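The structure under discussion is supplied below as structure tokens; questions concerning it will follow.
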Amino acid sequence: MRQIAEAALLLVNRDGLDGLTMRALADAMDVQAPVIYRHVADKRQLLDEMADAIVAAVPLGGLDDEDAYVNLAEFVRRLRRTLLRYRDGARIVGGSYSAKHSTLRGAETLMELLVKAGLDRDRALWAMTTLLSFILGETLEQQGLPDEPGEATATITASLGEVLASPDFRHLDTELMARRFFDFDGRFEFGLSLVLAGVREQAAGTGREEIDLS
């Protein structure tokens with residue numbers, strides 16, 4: 001099964017997720033389509049296997065800093081870096097809800113780190129989904145750019161300039177958008193700091209009365 005998933009990921013790396021079909025995968029593996037279907041019932045199951053293969057590539061070791069938040073931030077960064085290594089990685093993993101060993105092992109690791117950061121398991125679960133949504137969303141935005149990001153950002157910025165010239169926009173301007181919006185590493189780190197600040201507040205008990213977990 002993992003061999004099929006890895007072959008599918010190689011195909012997506014070449015043709016993109018939209019180019020992935022069971023027939024194309026069979027051709028890439030030099031087998032007949034029925035051979036694929038003996039192992040994978042449909043494309044949905046194939047995507048689950050691909051998602052699990054991606055998450056399996058996230059390193060789990062070495063999270064041994066004394067500061068639980070340092071370990072948590074490092075693991076979040078590892079998830080993002082791994083997704084970025086695979087073309088359309090965020091699209092494959094996002095929404096898969098894959099109940100596979102590697103996927104659940106990654107979730108278990110994130111839960112463990114959040115509990116060590118001071119959250120009870122209920123809040124750790126919600127914090128985990130918040131972090132995963134943040135990681136997937138930011139990665140999806142970055143991977144949504146065309147293959148030549150420099151050219152793409154120049155084109156998008158030029159389009160923004162035409163719209164932002166309107167007096168309706170007082171806080172957005174072309175220079176700001178060009179300088180900050182496409183700084184994906186910078187905005188990821190900023191967003192991560194916001195989420196981790198929220199985790200600290202929850203761990204300290206601040207704002208708990210605002211969340212009903214009964």
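Grab the beta carbon distance between residue 64 and residue 183, set R0 = 25 Å, and tell me the FRET efficiency rounded to 0.05.
So the FRET efficiency works out to roughly 0.25.
Which is the longest run of the chain containing none of the trypsin sites (Lys or Arg not before Pro) found in DSSP loop states (not H, G, I, E, B) with at most 16 other C-beta atoms within 10 Å?
It works out to 39-169.
Once fully extended, how much extra length lies between residue 105 and residue 37, figured as 0.36 nm per residue of separation less the alpha-carbon to alpha-carbon distance?
Gain on stretching residue 105 to residue 37: 21.8 nm.
Under the Karplus relation 6.51 cos²θ - 1.76 cosθ + 1.60, θ = phi - 60°, what is the ordered set of whole-Hz ³J(HN,Hα) values for the range 69-84, x standing for Gly and Pro?
Along the range 69-84, the couplings run 6, 5, 5, 4, 5, 5, 5, 4, 5, 5, 4, 4, 4, 5, 4, 5 Hz.
Per-residue HN-Hα couplings for the range 183-190, Karplus 6.51 cos²θ - 1.76 cosθ + 1.60 at θ = phi - 60°, whole Hz, x for Gly and Pro?
7, 5, 5, x, 6, 5, 5, 5
For the range 1-158, rounded, prolate or oblate, judged on the Cα gyration tensor with a ≥ b ≥ c (square roots of eigenvalues), a/c < 1.5 rounded, else prolate if a/b > b/c?
Oblate, since a/c reaches 1.5 and b/c is not below a/b.
Okay, moving on. Please give the residues of the range 71-111, grouped as numeric ranges, whose backbone N is less than 20 Å from a label point set 7 Å along the Cα-to-Cβ vector of residue 145.
Output list for this probe position: 77-92.
In deg cm²/dmol and to the nearest 500, what is the mean residue ellipticity at 222 nm of the chain if only DSSP H runs of at least 4 residues count, each as -39500 (n - 2.57), divided by the residue total?
-21000 deg cm²/dmol
Values in this text are rule-based calculations from the coordinates and carry no lab data. The model shown is predicted, which means the values in this text are computed figures rather than measured ones. Cβ: placed from backbone, ideal geometry, glycine included. Neighbour counts: every protein chain shown.
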